[in-house]
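The values are calculated or read from the model by the stated rules, or taken from the named source; none is laboratory data. Predicted, not measured: the structure shown is a model, and the values here were computed from it. Because the Cβ atoms are built from the backbone with ideal geometry, glycine has one as well, and the counts that use them run over all protein chains shown.
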Amino acid sequence: MKFAHVLTCFALAFGLCQTASAQTARVPVVAAENFYGDVIHQLGGDHVQVTSILSNPDQDPHLFEASPKTARALQHAALVVYNGADYDPWMDKLLGASKSNDKRTVIVAAQLVGKKSGDNPHLWYDPATMPTVAKAISAYLASTDPAHKSDYDARLAKFLDSLKPIDASVAQLKARYHGVPVTATEPVFGYMADAIGFEMRNMHFQMAAMNETEPSATDIAAFENDLRERRVHVLIYNSQATEALTKRMLGIAKDAHVPTISVTETLPAGKTYQQWMSSQLDSLSGALQGWQR
């Protein structure tokens, strides 16, 4: 009797351990950029283990080089999410070289929103991108972990609802500043600027900066004249890539009393995607209100 009782207790304990293990098992996910990583964490909560590769807000993402540590993280990932459209071309190489290709699901934001090589790759600034990406991520999590589907569904609904203030800010800016001329050192903020309806100037200069080529003397002169003659209401610059030419434009803007705002390509520490977008839109609104001819 005692032996049987011990076996019963052992079986019960083992079963409880299996249940606890099942409950604590988390879906391993790798995000190429930390803003996608943040969204994945919001959608998955404690059911996911997220590793973000580009996560340093002080680093120029264009200078990133993949490491063996990055490759190891991908080997264990059940889900990989990255931007695409040539923004993170190192991901294709890493995925091609790493193992477990048949067991891994890959979500590419550019493919979901119909963007390709040559398009502006800063897709996360388009208000339509994150809802689309979030739905794809949530669908994957619910299918691979059906025991927690109700939680994933609730988290997706909460996330989509949390984007409404961003959409409202964009609508308010559009109502007030549609057609207003602005400029930028790079097209990082391009999709958001399009959503607001700005007249974006100096695109040749911006594309040269994004493609890491030298803008022409004509493009530089046009940019400087726009600032000196105050033809633009705000200068938007990428604070993660403040090279000599960017600093020069910032100096001219300051002397001409043209407001400037900084935007970043990666999520700042301690902020959610929603807080990041909202804070930049608030800064933009303040700059536009402060512009006076």
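Here is a check on your reading of the model: is Ala147 surrounded by fewer than 14 Cβ atoms within 10 Å (Cβ to Cβ), within 21 Å of Ser283 (Cβ to Cβ) and among the small types (Gly, Ala, Ser)?
No: the conditions fail for Ala147.
For Tyr125, indicate whether it is touching a helix residue (DSSP H, G or I) at 6+ places or on another chain (Cβ under 6 Å) and under 23 Å from Thr260 (Cβ atoms).
Yes.
Which of the residues that make up region 258-293 are of a type in the set (Gly, Ala, Ser) and part of a loop (DSSP other than H, G, I, E, B)?
Passing the criteria: Ala269, Gly270.
The rows are residues; the columns are (1) under 18 Å from the mean Cα position of the chain (by Cα); (2) touching a residue at least 24 places away in the same chain (Cβ under 8 Å).
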{"site": "Glu212", "(1), (2)": "no, yes"}
{"site": "Glu224", "(1), (2)": "no, yes"}
{"site": "Leu227", "(1), (2)": "no, yes"}
{"site": "His233", "(1), (2)": "no, yes"}
{"site": "Asn238", "(1), (2)": "yes, yes"}
{"site": "Leu250", "(1), (2)": "no, no"}
{"site": "Thr260", "(1), (2)": "no, yes"}
{"site": "Thr272", "(1), (2)": "yes, yes"}
{"site": "Trp276", "(1), (2)": "yes, yes"}
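Does region 115-124 include one or more residues that are touching a residue at least 60 places away in the same chain (Cβ under 8 Å), part of a helix (DSSP H, G or I) and within 17 Å of Asp88 (Cβ to Cβ)?
Among the residues of region 115-124, at least one is touching a residue at least 60 places away in the same chain (Cβ under 8 Å), part of a helix (DSSP H, G or I) and within 17 Å of Asp88 (Cβ to Cβ), which makes the answer yes.
What's the total number of residues in region 250-268 that are out of contact with any Asp or Glu (no Cβ under 9 Å at 6 or more places or on another chain), farther than 23 Å from Asp167 by Cα and of a type in the set (A, V, I, L, M)?
Here the count works out to 2.
Is it the case that some residue within region 154-169 is over 18 Å from the mean Cα position of the chain (by Cα), at pLDDT below 95 and among the small types (Gly, Ala, Ser)?
No: zero hits.
Can you list residue pairs whose Cβ atoms sit under 6 Å apart, with the first residue in region 179-207 being in the same structural domain as Ile252 (by TED's automatic domain parsing) and within 17 Å of Gln240 (Cα to Cα) and the second being surrounded by 22 or more Cβ atoms within 10 Å (Cβ to Cβ) and small (Gly, Ala, Ser)? Count only pairs 6 or more apart in sequence or on different chains.
Cβ pairs passing all conditions: Thr185/Ala209; Glu186/Ala209; Gln206/Ala184.
Have a look at Ser239, Ser285 and point out the one that is among the small types (Gly, Ala, Ser) and at pLDDT 95 or above.
Only one candidate qualifies: Ser285.
Are any of the residues in region 216-224 within 25 Å of Trp124 (Cβ to Cβ) and surrounded by fewer than 17 Cβ atoms within 10 Å (Cβ to Cβ)?
Scanning region 216-224, I find no residue that is within 25 Å of Trp124 (Cβ to Cβ) and surrounded by fewer than 17 Cβ atoms within 10 Å (Cβ to Cβ), so the answer is no.
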